Amino acid sequence: SAVISQKPSRDICQRGTSLTIQCQVDSQVTMMFWYRQQPGQSLTLIATANQGSEATYESGFVIDKFPISRPNLTFSTLTVSNMSPEDSSIYLCSVGVQETQYFGPGTRLLVL
Amino acid sequence: KQEVTQIPAALSVPEGENLVLNCSFTDSAIYNLQWFRQDPGKGLTSLLLIQSSQREQTSGRLNASLDKSSGRSTLYIAASQPGDSATYLCAVRPIQGAQKLVFGQGTRLTINP
């Protein structure tokens, strides 16, 4: 299994600002995944983060808006840049261990 | 493009009843299917994982089945309890080697004491 922690757990931000979300895993993993869950919606993959290379973004998501860092095999950050109220969501970090996907507790973001 | 649908969107039943949640997917070329539970304001908890070669998996009062050819999975909950109240999400992993998941919209389950 994997234990994943995220910081912050929640935040309220003003539009136009940026927020960096941290994800820490208790074991070394090759890939880390960032998902977004908009209010009342299901989860959508934003990007896949590999250590030592640039993240791979899904359709509709761009690096300028959601820059990702992956400095080592247990840690990643996702930045939500130039925020607008439409960015209000839960952002979740995920890893795969032996075929099973595990998720962090999420970061609840409200943009005013 | 893989699409995952869950029916019903919400379900409310009295405590003690057995119930079935449904999940369907449009592309049968999946590597595996996973059921999750999400409590309000919380992250996801993995409940059951079914590989594409498997027909079902069981954990305690939970049983998940998979019919890949028809693009369907069910989650059976026996003897439901108020603590089972949560949103249940179905997710498929489309192809081998790509760990990303495609999620359904979820079923919001309420068990009434």
(request) Scan the strands (runs of 3 or more DSSP E) fully inside the range A:15-57 and keep the ones with 2 or more residues being in contact with a Phe, Trp or Tyr (Cβ under 9 Å, 6 or more places away or on another chain) and more than 23 Å from residue B:104 (Cα to Cα). (result) A:19-25
(message) So the check is Cβ under 7 Å with 6+ separation or different chains; which pairs have a first residue in the range B:5-30 that's closer than 21 Å to residue B:66 by Cβ and a second one that's surrounded by fewer than 12 Cβ atoms within 10 Å (Cβ to Cβ)?
(response) B:18/B:79; B:28/B:69
(request) State whether one or more residues within the range A:72-86 are of a type in the set (Ser, Thr, Tyr), surrounded by 13 or more Cβ atoms within 10 Å (Cβ to Cβ) and either over 13 Å from the mean Cα position of the chain (by Cα) or within 14 Å of chain B (Cβ to nearest Cβ) (or both). (result) yes
(message) Anything in the range A:52-68 that is surrounded by fewer than 15 Cβ atoms within 10 Å (Cβ to Cβ) and under 12 Å from the mean Cα position of the chain (by Cα)? List them, or say none.
(response) none
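Going through the range B:16-36 one residue at a time, which ones are part of a strand (DSSP E or B) and buried (at least 20 other Cβ atoms within 10 Å of the Cβ)?
Kept after step one, since they are part of a strand (DSSP E or B), are these residues of the range B:16-36: B:19-25, B:32-36.
Residues satisfying the conditions are B:21, B:23, B:25, B:32, B:33, B:34, B:35, B:36.
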(message) Test of understanding: among B:109, B:66, which residue is within 16 Å of residue B:10 (Cβ to Cβ), out of contact with any Gly (no Cβ under 6 Å at 6 or more places or on another chain) and either assigned to a strand (DSSP E or B) or among the aromatic types (Phe, Trp, Tyr) (or both)?
(response) B:109
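Since every read-out is calculated from the coordinates, none of them should be taken as a lab result. Owing to the predicted nature of the structure, the values given are computational and were not obtained by experimental measurement. Cβ sites come from the backbone with ideal geometry, for glycine too, and all protein chains shown count toward neighbours.
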